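Student: Okay, here's the structure, questions in a sec.
The values are calculated or read from the model by the stated rules, or taken from the named source; none is laboratory data. From a predicted model like this one, the values you see are computed outputs, not experimental measurements. FYI the Cβ positions are ideal-geometry reconstructions off the backbone, even for glycines, and counts take in every protein chain you see.
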Amino acid sequence: MISGNYPWGTHDYLYINKLNLNTPELVDSVRINKSGKFKINIQSTEPAFFTLGFTNSEFITLVADPGNRIYVEFKGKRLQNEYSVSGSEESEKVRMLDKKLGQTIIVLDSLTSIYRELVEKGDNPGKLAEIEQLYTSRLNEQRKHNINFILDNLTNLSAIKALYQKVNENTYVLYQQRDLQYLKLVADSLGRYYPGTSLTRTLKENLEDELNQMYINNITQVADNIAPVELDANLEDINGKRVKLSDLTVNNYVLLSFWSAESHECISNNLFLKQMYSLYHNQGFEIYQVNLDSDESLWKSSVRFDELPWVNVREDDPSNPLTARIFNITTLPANYLFDKNGDIIAKDLWGRSLKIKLGQIFD
């Protein structure tokens, strides 16, 4: 059920569309009564995206599970300006995504207007370059925001929203070719957690078409020449032996940890990890630790000095840390926790939080 309040009296009806990725299908409409209240029951046997709005350009997006009782309170005449939603955690996440994107679009539109004015005047090339840099910087900030959201919500349908957000009609937030990995990651993850649902089936079926739109150029040709992107690592340990992360997750819960021997915080974290490793290693807890130091000898001596007992590997080329980029590592230390199926179940657990999580798993 979807109900709410729109007390502005400027429209009689709200229209509900079911979204199959980006394609809306009209489901029903609901009349707003004189006091601004509305209520409608939506028949759905599986989780789905819905839009609630007045037109195809003025609407909000909701994520509804069967049995959800969603309440929406509109706080302005324009639906997207400000509203609150309860009864659906996924819908709240979508609201925050849209709010962040709306703020970015305002800035980008303003920069575009300034740029056009400068072009019309035909002077000040230095100012044009500055505007271009500001535009690119803000767009990349939004892109990083969406990537972090996706990695934090791999098992949630709201991750699909983060994949398909646009800053304008022709440009997706995830606009770079290497963002293919996030599309594949979400499709694979949701395929496990929501098997058989029409939304995840369509996500997989239409992935190539959506990529064509996202990257504008002929992504099909590019994708044919790109090896499938997996959240895995295959790096050398201190003895020169290559070890694959995925080999460890077959029978273990694995903490993928990124660190530097030059970071005091990383060293302190390692000492705590030794305690956790001692407690739970025999029960199926493993650590796969990736070092990002440019100095190979410093890495090896640190591993030996601190007697780190787990798998410790190093990027093949620390100046171009491919594994760290795949996992969107921007600060150290950082970690992901994988279950025995190789699925990410937590991110950046430290101290007490990690101890509690491991206790829930093993105790």
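Student: Has the stretch 286-294 got any residue that is assigned to a helix (DSSP H, G or I) and under 19 Å from Leu349 (Cβ atoms)?
Tutor: No, every residue in the stretch 286-294 fails to be assigned to a helix (DSSP H, G or I) and under 19 Å from Leu349 (Cβ atoms).
Student: Would you mind telling me which numbered condition in (1) in the same structural domain as Glu141 (by TED's automatic domain parsing); (2) touching a residue at least 12 places away in the same chain (Cβ under 8 Å) Ser113 fails?
Tutor: (2)
Student: Shifting gears a bit: How many residues does the stretch 39-48 contain that are in a strand (DSSP E or B) and either at pLDDT below 90 or touching a Lys or Arg at 6+ places or on another chain (Cβ under 7 Å) (or both)?
Tutor: 1
Student: Oh, and also: Scan the stretch 270-296 and report the pairs whose first residue is touching a residue at least 40 places away in the same chain (Cβ under 8 Å) and whose second residue is of a type in the set (Asp, Glu), with Cβ atoms within less than 8 Å and a gap of 6+ or a chain change.
Tutor: Pairs found: Val290/Glu315; Leu292/Glu315.
Student: Also, I was wondering about something else. Kindly establish whether Asn312 is among the polar types (S, T, N, Q) and modelled with pLDDT under 95.
Tutor: no
Student: Ok, one more. Yes or no: the stretch 197-212 includes at least one residue that is more than 16 Å from Ile150 (Cα to Cα), assigned to a loop (DSSP other than H, G, I, E, B) and at pLDDT 80 or above.
Tutor: Among the residues of the stretch 197-212, at least one is more than 16 Å from Ile150 (Cα to Cα), assigned to a loop (DSSP other than H, G, I, E, B) and at pLDDT 80 or above, which makes the answer yes.
Student: Can you work out which of the residues in the stretch 1-38 that are of a type in the set (Lys, Arg) and touching a Phe, Trp or Tyr at 6+ places or on another chain (Cβ under 9 Å) is nearest to Glu73 (Cα to Cα)?
Tutor: Lys37
Student: Just checking, which of Ile150, Ile160 is surrounded by 14 or more Cβ atoms within 10 Å (Cβ to Cβ) and touching a residue at least 40 places away in the same chain (Cβ under 8 Å)?
Tutor: Being surrounded by 14 or more Cβ atoms within 10 Å (Cβ to Cβ) and touching a residue at least 40 places away in the same chain (Cβ under 8 Å) holds for just one of Ile150, Ile160, which is Ile160.
Student: Tell me which strands (runs of 3 or more DSSP E) are completely within the stretch 303-363 and hold 3 or more residues being under 26 Å from the mean Cα position of the chain (by Cα) and surrounded by 15 or more Cβ atoms within 10 Å (Cβ to Cβ), or say none if there are none.
Tutor: 334-338, 344-347
Student: Now a separate question. For the stretch 240-256: of the residues being assigned to a strand (DSSP E or B) and of a type in the set (Val, Ile, Thr), which is surrounded by the most Cβ atoms within 10 Å (Cβ to Cβ)?
Tutor: This residue is Val254.
Student: When you scan the stretch 120-139, do you find a residue that is buried (at least 16 other Cβ atoms within 10 Å of the Cβ) and under 22 Å from Ile326 (Cβ atoms), even just one?
Tutor: Yes, there is a match, as at least one residue in the stretch 120-139 is buried (at least 16 other Cβ atoms within 10 Å of the Cβ) and under 22 Å from Ile326 (Cβ atoms).
Student: Identify, from the list Val107, Val27, Val72, the residue that is outside the structural domain of Ile160 (by TED's automatic domain parsing), hydrophobic (A, V, I, L, M, F, W, C) and either closer than 24 Å to Phe149 by Cα or outside any strand (DSSP E or B) (or both).
Tutor: Val72
Student: Tell me whether the stretch 43-54 contains one or more residues that are of a type in the set (Val, Ile, Thr) and under 23 Å from Val167 (Cα atoms).
Tutor: Yes; the residues of the stretch 43-54 include at least one that is of a type in the set (Val, Ile, Thr) and under 23 Å from Val167 (Cα atoms).
Student: Considering every residue within the stretch 39-48, establish whether at least one is in contact with a Phe, Trp or Tyr (Cβ under 7 Å, 6 or more places away or on another chain) and without any contact (Cβ under 8 Å) to a residue 40 or more places away in the chain.
Tutor: Checking the stretch 39-48: not a single residue is in contact with a Phe, Trp or Tyr (Cβ under 7 Å, 6 or more places away or on another chain) and without any contact (Cβ under 8 Å) to a residue 40 or more places away in the chain.
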